[in-house]
Amino acid sequence: MANNILVINVDINETRVALIEEGVLAELFVERRQDRSPLGNIYLGKVTRVLPGMQAAFIDIGLDRAAFLHVEDVVPQEDPDEFIASDSQEGDNHEQKYVKSRKITRSTPIHDVLKEGQALMIQVSKGPIGTKGARVTSHISLPGRYVVYLPTVDYIGVSKRIGNEKERLRLRKAIDDIKPPQGGFIVRTVATGLTKKKLKADVGYLVKQWEEIATKREATSELPDILYEDLDIILRTARDYFTEDVDKIYIDSQTEFERLKRFVSAFLPERITSIELYQKREPIFDEYGIEDEISRALSRKVIMPSGGYLIIDQAEALTAIDVNTGRFTGKGKDVEETISQTNLEAVREIAYQLRFRNIGGLIVIDFIDMEKPSNREKVYRALVDALKRDKATTTTVRISELGLVEMTRKRTRESLSRTLYEPCFYCDGTGLLQSKATICHQIIRQIAREKDTLPGYKIIINAHPAICDMLQREQKTALEKASNRFSRQIAVKGHKDYHFEQFDLSGA
C-alpha cells in the first residue's frame, strides 16, 4: 500500500476525508450536508448594522448569524483597482490581506464606507466558529488547481513554499503574459514545473467563473443571495490535496468515484489511474485503521511512545497543552537530559495534534522546565521545524523562563473535536459535577431559607437517589441536627429522573 494516500468515506448525509502521510493519519475533514461550512462562498449581502466603535459592520448573508466585516476588508465598489496586494502573502492561503491605498485604512471611519441597508458582495474568509458568526471580506479570491484569482486587485504573487528563485521568476513571468487586464493571481505550490499551457487553462477557467458571478450579481434583486458556492469536500480535496506527494485516492462510493474522475480529468488526466474505487465489505475507515486512530488522537490525554504524555484542554479562545514525563525515566545520565528528550518527543506530537485536530487561535504549551538555555533553544527550533508541514499559518514565541511557549495558529473552520463532539448535556461542558457532600450541605442551607414558607410539619427533600442515599447514611447526623434546629421532621424522596445536582423541597 502507498504511504501517502487520501481515503474518502461517503456515507448518508456525511462525507469524511482522511489524509494519511507516511502511514500516519495526518488530517481528517468532515462535511455534513445539513451544516456544510460556508467558507469560500460568495454572497450578495445586506449591511444590517454599522458599528463605528469597532470599525466593523454586520452583514446579513442568509445564515443563522450575521457575518462580521472589518473596515480593512472593504473594497470600495466604485474603484476596486486602487487596492494593491502585499508581496508578503503566502500563495496557498486563500484568505488574503492587502496593502490598501489611502482611500481606506484601519483609521477610515466605517460609516464613511458602509451604510445600513447597502448591498455588498462579500466572500466568507472564516466560517462560523463557536458562538461567532462568519468573518467576511469583499476582497474576492477564487482558488483554482494551480493559481488563485484575485479579481479586485492588480497583483502577481508566487507561493513562498516554492523555494527556487529561478522557478519563482519563471512562473511570475508566465502569469504576467497570460493574465487579463483586470485582476491579479497568486501561483500555488503545486504549479512548480508547470507549463504555460496548463497555467493558461486554469486562469481561463477562473476568469470565466468570475464573469458568471458578476453576471449573477447584476441579475440579483433579492437580498441576501448566494452568488457562488465553493466545491464540496470531495472535489475540494482533489483540488487542494491531490499533489505529487499523494500516491492514491481511495473512495467507497461508485457515484462519487465517477464524479471525482470527471473532475480530475479536467486538470490532471494522467493521474486518473491513481483514483480507485474501494469495494470490500469492511468499512473503508476500518480497513485502514482510521476509526481507531480518530478515537486515540482526540482524547484529552495523549500517550507518547516513550511513556510521557500530553494533556490537551481546549477553551473558548485558548488551548493549553501540558507536557509530562509520565513513566519515562530517560536513557540519559541526568534529569536535564531526560526532560529534554521528553520535550523533543512532545514537539513532534504537538505539531501533529494541532494539525490533526485543527486547533486554532491562541495556544500555550507548558513544556517541562529546562535549566540550560541551549536545551530550550533546541526544543524551540524543533517546534518551529515541526510546524513547517502545517499549511495553516503559525506564529511562535520563544520558550520563556517558565517553560511556556505562546503561539497562534490560524483557523478558518471549527476544530475537529467541536465538529465531532458537543458539550456534555449533564455537566454542561465543564467536565465536573458537584460532589455529593457539597450538594447535601446545599440542601441543608436551602431548608434554612425555605422552612418558614413550606406548609405542614414535615419537609420533604426531593433529589437524585444517590444524594438521598448519602443523606440517610454519611449525612444522617447532620440531617438529624437540622431537624432539631428547625423543629421540623425531614424526609427524603429519591427521583431517578432528577439531574445529579437537582433538588427541591416541599412541605407536608
Problem set entry | Residues being more than 20 Å from the chain's Cα centre (by Cα), over 13 Å from residue 348 (Cα atoms) and of a type in the set (A, V, I, L, M, F, W, C) - total across the range 368-397 | 3
Exercise. Within the range 380-394, is even one residue assigned to a helix (DSSP H, G or I) and modelled with pLDDT under 90?
Worked result: yes
For this session: Would you point out the residue of the range 235-265, among those that are assigned to a helix (DSSP H, G or I) and polar (S, T, N, Q), that is farthest from residue 288 (Cα to Cα)?
Result: 265
Exercise. Hey, residue 117 hits all of (1) closer than 30 Å to residue 234 by Cα; (2) surrounded by fewer than 16 Cβ atoms within 10 Å (Cβ to Cβ); (3) modelled with pLDDT of 85 or more but one; which does it fall short on?
Worked result: (1)
For this session: Could you please let me know if residue 252 is of a type outside the set (A, V, I, L, M), in contact with a helix residue (DSSP H, G or I) (Cβ under 7 Å, 6 or more places away or on another chain) and touching a residue at least 60 places away in the same chain (Cβ under 8 Å)?
Result: yes
Exercise. Filtering the range 467-478 down to residues that are in contact with a strand residue (DSSP E or B) (Cβ under 8 Å, 6 or more places away or on another chain) and surrounded by fewer than 19 Cβ atoms within 10 Å (Cβ to Cβ), which residue is farthest from residue 447 (Cα to Cα)?
Worked result: 469
Seminar exercise, completed: Being among the hydroxyl-bearing types (Ser, Thr, Tyr), closer than 15 Å to residue 415 by Cβ and out of contact with any helix residue (DSSP H, G or I) (no Cβ under 9 Å at 6 or more places or on another chain) narrows 299, 374 down to just 299
For this session: Go through the range 150-177 and count every residue that is assigned to a loop (DSSP other than H, G, I, E, B) and either under 31 Å from the mean Cα position of the chain (by Cα) or closer than 19 Å to residue 209 by Cβ (or both).
Result: 10
For this session: Select from the range 120-137 the residues that are assigned to a strand (DSSP E or B) and at pLDDT below 85 and write down the one among them that is nearest to the chain's Cα centre (by Cα).
Result: 129
For this session: For the range 416-508, please list each of the strands (runs of 3 or more DSSP E) lying entirely inside it that holds at least 1 residues being touching a Pro at 6+ places or on another chain (Cβ under 6 Å) and either of a type in the set (A, V, I, L, M, F, W, C) or without any contact (Cβ under 8 Å) to a residue 12 or more places away in the chain (or both).
Result: none
For this session: Could you check residue 273 against (1) touching a helix residue (DSSP H, G or I) at 6+ places or on another chain (Cβ under 7 Å); (2) hydroxyl-bearing (Ser, Thr, Tyr); (3) not in a loop (DSSP other than H, G, I, E, B) and say which number it fails?
Result: (1)
Problem set entry | Selected residue (criterion: surrounded by the fewest Cβ atoms within 10 Å (Cβ to Cβ)) from residues of the range 178-218 that are among the polar types (S, T, N, Q) and assigned to a helix (DSSP H, G or I) | 215
Exercise. Here are some residues: 381, 376, 389, 445. Which one is surrounded by fewer than 16 Cβ atoms within 10 Å (Cβ to Cβ) and either under 22 Å from residue 308 (Cα atoms) or among the polar types (S, T, N, Q) (or both)?
Worked result: 381
Exercise. Of the residues 144, 117, 127, which is outside the structural domain of residue 391 (by TED's automatic domain parsing) and on the phi > 0 side of the Ramachandran plot?
Worked result: 117
For this session: Please go through the range 316-346 and pick out each residue that is of a type in the set (A, V, I, L, M), at pLDDT below 90 and buried (at least 17 other Cβ atoms within 10 Å of the Cβ).
Result: 339
Exercise. Of the residues 368, 439, 460, 447, which single one is in contact with a Ser or Thr (Cβ under 7 Å, 6 or more places away or on another chain) and either among the small types (Gly, Ala, Ser) or closer than 30 Å to residue 505 by Cβ (or both)?
Worked result: 460
Seminar exercise, completed: Reported set for the range 149-161 where residues are within 16 Å of residue 202 (Cβ to Cβ) and not aromatic (Phe, Trp, Tyr) is 150, 151, 156, 157, 158, 159
For this session: Output the number of the condition that residue 404 fails; it satisfies all remaining conditions of (1) loosely packed, with under 14 Cβ neighbours inside 10 Å; (2) closer than 30 Å to residue 370 by Cβ.
Result: (1)
For this session: Give me a count of the residues in the range 225-254 that are at pLDDT 90 or above, over 24 Å from the mean Cα position of the chain (by Cα) and of a type outside the set (A, V, I, L, M).
Result: 7
Exercise. Within the range 32-61, can you find the residues that are surrounded by 16 or more Cβ atoms within 10 Å (Cβ to Cβ) and outside any strand (DSSP E or B)?
Worked result: 37, 38, 39, 40, 41, 55, 61
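The values are calculated or read from the model by the stated rules, or taken from the named source; none is laboratory data. Note that this is a predicted model, so its numbers are computed, not measured. All Cβ positions, even for glycine, are placed from backbone atoms using ideal geometry, and neighbour counts span all protein chains on display.
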